[in-house]
Structures are given as C-alpha cells and as structure tokens.
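Written below as structure tokens is the structure these notes are about.
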C-alpha cells in the first residue's frame, strides 16, 4: 500500500475495498497533454532507456502505450498526472517508497535518473495513450 494511504482504508471491509476499486476502474481516463519542452527526452527514455546511465526502457514493464502489466504488478502510467509521476519517482529514488517487491526494482531505476530525466519521463507519460 502507498504510504500516503496508510491508515485511511483500515476500517473498510474487503467488499467495500473491492467496490471502491471497481468504481475507480470504471472511470474514464481524462486525456492529458504532454508539454513540448522536454517531450523528446522523455520519449527517448521511456522507449529506449538511457544506456550510458544504466536506465532500462520503461516499455519493458509498463508497455509501449503505458497500460502496464497488471498480472506482474506493473501499473498503468499513461495519462498519469506528471506531478504524481515526479513525486513517485523521487520517492523511489530517495527510498521513501518501499511498499512492494516491485518498489525495489523502481528504486534501482529511479536512482539512476537525473531530476531532468524524471521530469521528462513524467511529462511524456502524462500524454501517452
């Protein structure tokens, strides 16, 4: 569970949690728009990674369209707000986000990203559909 949610869902039953999840899963994703300023850098890292920095392509886990791989625990990134993705990647980079086994993978990747690269990837996925 994400640390910012800890304690907020403790009093809900499993059925209530499933209902909440179903509600949010049924919502339409609002199409975002990536900013053109660092779009190319974000696209390059998302699609091909950064060999010199040891950063793998995001598509390997999150898919070419950012739809994720639910069965493997890799979340959907397409359409996420850039601010949320920046916050998440920084939390992985600093070790603050450690809630799952996949967090260890993301910690290693985020540790190799510069602030500029984090912002670029976050921007890119916000408009990825």
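Only one of 48, 34 is without any contact (Cβ under 8 Å) to a residue 12 or more places away in the chain, over 13 Å from the mean Cα position of the chain (by Cα) and closer than 15 Å to residue 120 by Cα. Can you tell me which?
Answer to the selection: 48.
Go through the stretch 54-85 and count every residue that is touching a helix residue (DSSP H, G or I) at 6+ places or on another chain (Cβ under 8 Å), touching a residue at least 40 places away in the same chain (Cβ under 8 Å), surrounded by fewer than 18 Cβ atoms within 10 Å (Cβ to Cβ) and more than 17 Å from residue 103 (Cβ to Cβ).
2
Every residue in the stretch 86-95 that is surrounded by 13 or more Cβ atoms within 10 Å (Cβ to Cβ) and farther than 22 Å from residue 21 by Cα, please.
86, 87, 89, 90, 91, 92, 93, listed by residue number.
Quick one: which helices (runs of 4 or more DSSP H) lie wholly within the stretch 1-93 and hold at least 1 residues that are within 15 Å of residue 106 (Cα to Cα)?
Result: 39-48, 59-62.
Just so you know, all these numbers are worked out from the coordinates, no wet-lab data involved. Small disclaimer: the values here were computed from a predicted structure and weren't measured. Please note: Cβ atoms are built from the backbone with ideal geometry, for glycine as well, and neighbour counts cover all protein chains shown.
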